[in-house]
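The values are calculated or read from the model by the stated rules, or taken from the named source; none is laboratory data. All values derive from a computational prediction rather than experimental measurement. Backbone-built Cβ (ideal geometry, glycine too); neighbour counts: all protein chains shown. Accessible surface is based on the protein model in full, side chains and every heavy atom, while ligands, DNA and RNA are left aside. Shrake-Rupley method; radii C 1.70, N 1.55, O 1.52, S 1.80 Å.
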Amino acid sequence: MENINLNNYKYFYYVVKSQGYTNASNKIMVSQPSLSYGVKKLEEEIGKKLIDRSCKNFVLTKEGEALFKKLKEVEKLLFNDDVKQKISIGSLRGLADTYLPQIVNIFHKRFPKCQLEIIINESRTLISLFDRNDINILFDKNELTTFNKDVENICLRKSENCFACSKKFYIENEKLLNDINRFPSWPLILPLESKKRRYLDEYFKLNGLVPTNVIMEIPNSNLIKEVVKNCDAVGYFMKESIQKEINAGELVVIDTIKKLPADDVFVIYNKDSNNRFISEFISVCKEYLHV
């Protein structure tokens, strides 16, 4: 069999061991639909029915019982999460702040003995570290295509960008902020020199919207957020990174300018790596972001 998905065997093993999808879902922190899909894919891969779905209770077929018995014999080899191992993850600050806390939390609950090292830096430095194998997994806004090693680029999603300001500033300046012709005079806080900023500047030029009142340039997205919340200014954000503040009414999205450039969110890793926790971490990324 080519391209064996070990996760599907793991899902089947824990579903049987837990006597159902609900208990297995709680144990290994994987959604029930994902478990069910994985088991069905495993049945397709090996060409055998493993679970008798005609029964009300959870019942294995003879083939399912035989496979479970074999998996139980090699459980410690295949599914032992107590193996002490480490993976290193590099990420841009904005992506780390928005996505990594939830992903890392899920992964740690599932594999508590796997040590995680998180490195936050700018893209050029992270790529260099990845090239030297000093980091195993890279979160970036661009895919890597120039490496000799077998690099896998997975686009997790496209993330919408937006302009936003405090509720107080929006109420006091609603006419200004809803008039696209007055955009150049908006008091703006923008990202410092970066790919994100270069894409934004190109967008401004193409659409005749070159700003004339940039009052601050800040490299850290969290700092921009905190400043904008307490300042008479408009910031540029990845929308997901300020969703909590939007919901709480602390920040208001200004939708006067349409079709702002979106950010790709890539997770990148070396497919030749023999560290199984890398593939497990990638699986968590896909599950969390519904890829």
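Here are some notes:
- Test: residue in region 186-198 that is loosely packed, with under 15 Cβ neighbours inside 10 Å and in contact with a Leu (Cβ under 6 Å, 6 or more places away or on another chain): no
- Filter result for the condition that a residue is modelled with pLDDT of 90 or more and over 28 Å from Ile106 (Cβ atoms), over Glu65, Glu73, Glu43: Glu65
- Region 179-206: number of residues that are in contact (Cβ under 8 Å) with a residue 40 or more places away in the chain and of a type in the set (S, T, N, Q): 1
- Within region 141-160, the set of residues being open to solvent by less than 70 Å² (accessible area, probe 1.4 Å) and without any contact (Cβ under 8 Å) to a residue 24 or more places away in the chain comprises Phe147 only.
- Residue match in region 32-43 (condition: part of a helix (DSSP H, G or I), in contact (Cβ under 8 Å) with a residue 12 or more places away in the chain and among the acidic types (Asp, Glu)): no
- Test: residue in region 161-172 that is at pLDDT 90 or above, surrounded by 13 or more Cβ atoms within 10 Å (Cβ to Cβ) and within 21 Å of the chain's Cα centre (by Cα): yes
- Scanning region 92-117 for residues that are of a type in the set (Lys, Arg) and closer than 30 Å to Ser194 by Cα yields one hit, Arg93.
- The number of residues in region 1-13 that are closer than 18 Å to Phe281 by Cα and part of a helix (DSSP H, G or I) comes to 6.
- Matching residues in region 25-38 - criterion: being within 15 Å of Ser283 (Cβ to Cβ) and of a type outside the set (Ser, Thr, Tyr): Ile28, Met29, Val30, Pro33, Leu35, Gly38
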